[in-house]
Amino acid sequence: MSLAPAADSAETAMAKLSLCSMPLVLAIILLSATHSEQHQSSQAQTLLRIVRFLNFPTVLNSRNTYKDLCNFEANSSLAVICYEGNITQLHIIGEKDAPLLPRNFSIDSFITTLVKLPSLKVLTLVSLGLWGPLPGKIIRLSSLEILNLTSNFLYGAIPLELSSLTTLQTLILDDNMFSGPLPDWLSSLPVLAVLSLKKNLFNSSLPNSLSDLENLRVLGLSHNHFYGEVPDFSRLTNLQVLELENNAFGPQFPKLGKKLVTLVLSKNKFRSAIPAEISSYYQLEWLDVSSNMFVGPFPPSLLSLPSMTYLNFSGNKFTGMLFENMSCNAELKAVDLSSNLLTGSLPKCLLSDSKDRVVLYARNCLDSRNQNQHPFPFCRNEALAVGIIPEGSKRKQASKAALALGVIGAISGGVVLVGLIYFIHRRMNTNKTMKKSPPRSITENASSGYTSKLLSDARYLSQTMKMGALGLPGYRTFSFEELEEATQNFDTCTFMGEGSHGQMYRGQLKDGSFVAIRCLKIKGSHSTQNFMPHIELIMKLRHRHLVSALGHCFECYLDDASVSRIFLVFEYVPNGTLRSWISEGHPRRSLTWTQRIAAAIGIGKGIQFLHTGIIPGIYSNNLKITDILLDQNLVAKISSYNLPILEESMEQGGQGVSSGGSLTSSGGSRMKHDDRTDVHNFGVILLEMIKGRPVKSETQVEVLEDQLQVALTADEAARRSMVDPLVRQTCLDQSLKTLMEICVRCLCKDPADRPSIEDVLWNLQYAEQVQDAWQGGESQSSEGSPVSPSIPSRLTY
């Protein structure tokens, strides 16, 4: 049977089918083209709306921008990149220091418009004045790989929703106002390679989960308020750039991988030695550890690392001897060794290999007449201050180490002494490096702040820091010789007394200023390192209403360099205690009612600073009226507070201690209401200021408290009968009643019922306000009857 007719029939049928399908194919093509044009138009409209949200920046005003988006010629301010007709990259970069967008700008509406470009993989919105919290709906850009929102005004936390962007490789949020803790969920971004959060307000320690970001290559956290130990990053084998500048990280040098190219640790709280393994970081090009508290020998091998171009070790306490024949990498462009304790001779290679190289080495003890070198004894004394002591043959008694070393130095000669110091220093650093806090200016302490944990109200921190430490010299380390000279070898004529926290001496420094020196005897074997966290805390205690710390000195045993005594140097306040001006002094010396309120406000501000102005806060300070001193201007200063170093010095001696209030029992640890312990003690002080006679027992407090409560519900005459006769006629009833009310509240038995220190301050300032207003009106009137002025019942801030 022939198959030819059947084949012809099939071909004829296929031809007819093709002719019939042609209009359908053409229609599909036309519809596709129309859809593509509509899609392009939709994207153009979205971009135009974005431009409107951005208040029409000049760079986006050209109409040509929207005609053919995917063929738009990119420039430094705008780039639109497409793939298969979809916008996949959008880069908009405004002018530097762009101002906030207008008040009617809505970040929520802006992001709602932006997510209508769902194919975006790369989004760059830099310096455009964007403000507000970043909305979580940005995750609708589910294909996002790179997000850069640098130099805007975005604030709040990084939204949790970003954790679902599993394709995100780069997250850059530099120069904004993001705050709060660094989120733990960042480790859920499996391909994240670049994380940069510099110049924000983050305030927390770093989560250990960061070490799980195995693809991370760049981590930038500079200029925030991070604190605590850096997590173990040794597992981040791809990490090449780590920038932690200007935070409060420390004290230990971080554990890192060996592929680092850039490492910036400057302006933190590191105070350990530099680990030996850093000399094997052969790819390291940029190393900056300046402005910390690093101690130990300077590692000269870093000068010859094959890739090193920039090395900054300035502003630390590195010791050791440099030699002229040390080797250097010829590619070094800058080396800064200034402000350390280095001795010896500057390596010739630093000065001869390259004319373009910048080399700074001032304020060391090098054998050079250039760049302002200290004499050798300066570096020796500074090393001694942190416990780097020559080793004696045997310890026979707890002797004055600094003085003994002076004798040894005189006998052995300068060269031997340098060698011993260098040898002992290297030996000690193989076990545990001894540390000291460097002298810091008041400004540094305020800004560093500690920098620090998130405070409940940043306004109070700012205010106390601005008020604090007015007119005081910078905190520094004192040599033992300085203190001996200031106290005439601790002569009995300079002895001020002895309490539970050691002996007190009055001293006069070379500049003529007087200081108070507290001597603490240390039992047991403890290195200076054990006390450095306490010294760091003491450094922060600088405020107008505290007897502020000016410095410290360690005295160590000869053979094992353990601490035998600690000397704490405070400002000297010569005008007596508050009690001597209230209830035990001559009537002519008694404070007026207005002065008593001012003193109470000063005490309150001092307590507030101890609680919230430093980190960690100091609570349960066992405040007594005899602990409040008045300076020459009758400014109240708290002279005794709950320093752990004082308590530990007692505990080591076998004495039991309690950090509780003077008339209450309270533990020294941070409890739920332990800030209210200080409030109770403050109430006792207020009680004595009102009554004008000593209050010395809990029973007496309870009796007087009951009398105040009765007087508050009685008339003005009853209230005045409760007041010190020396001020009875000069206090306004409204002012007196306010002080009585806040005093009674402070003395509540249940700590939860006591007011906060902020509430106490508010009431005291109100009492001062009404008193001042009445006295101002009285001075202009011939009649002095105490009529309450018309003043609002609540202060405004």
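The values are calculated or read from the model by the stated rules, or taken from the named source; none is laboratory data. Everything numeric here is computed off the predicted structure, so don't read it as measured data. Cβ: placed from backbone, ideal geometry, glycine included. Neighbour counts: every protein chain shown. Side chains included, ligands, DNA and RNA excluded: accessible areas come from the protein's heavy atoms. Shrake-Rupley method; radii C 1.70, N 1.55, O 1.52, S 1.80 Å.
Descriptive notes on the structure:
- Largest to smallest accessible area among 581, 131 [probe 1.4 Å]: 131, 581
- Column: log10 I(q)/I(0), Debye, Cα scatterers of region 470-624, q = 0.11, 0.15, 0.16 Å⁻¹: -0.52, -0.94, -1.06
- Relative packing of 526-539, 108-121, which averages over residues the other C-beta atoms within 10 Å, highest first: 526-539, 108-121
- The packing ranking of peptides 202-208, 94-100, 545-551, highest mean first, is 545-551, 202-208, 94-100, where packing means the average number of other beta carbon atoms within 10 angstrom of each residue.
- Portion, in percent, of the accessible area of region 475-572 that falls on carbon or sulfur, probe 1.4 Å: 45 percent
- Across 199/637; 267/540; 267/624; 540/637, pairs whose alpha-carbon gap is larger than 27 Å: 199/637; 267/624
- Area accessible to solvent at residue 83, 1.4 Å probe radius, in Å²: 140 Å²
- Relative contact order for region 475-572, counting Cα pairs under 8 Å that sit 6 or more residues apart, in percent: 29 percent
- The residues of region 475-572 expose, per residue, 36 Å² of accessible area to a 1.4 Å probe.
- Solvent-accessible surface (1.4 Å probe) assigned to residue 730 amounts to roughly 60 Å².
- Measuring against 27 Å, Cα to Cα, the residue pairs 116/198; 96/333; 258/333 contain 116/198; 96/333 as the ones spanning a longer distance.
- Protection proxy ranking of 324-336, 687-699 - average other beta-carbon atoms within 10 Å, highest first: 687-699, 324-336
- Karplus 3J(HN,Hα) series, Hz, for region 756-770 with 6.51 cos²θ - 1.76 cosθ + 1.60 (x for Gly, Pro): 6, 5, 5, 5, 4, 4, 4, 5, 5, 5, 5, 4, 5, 5, 5
- Heavy-atom accessible surface of region 207-298: percent carbon and sulfur, 1.4 Å: 45 percent
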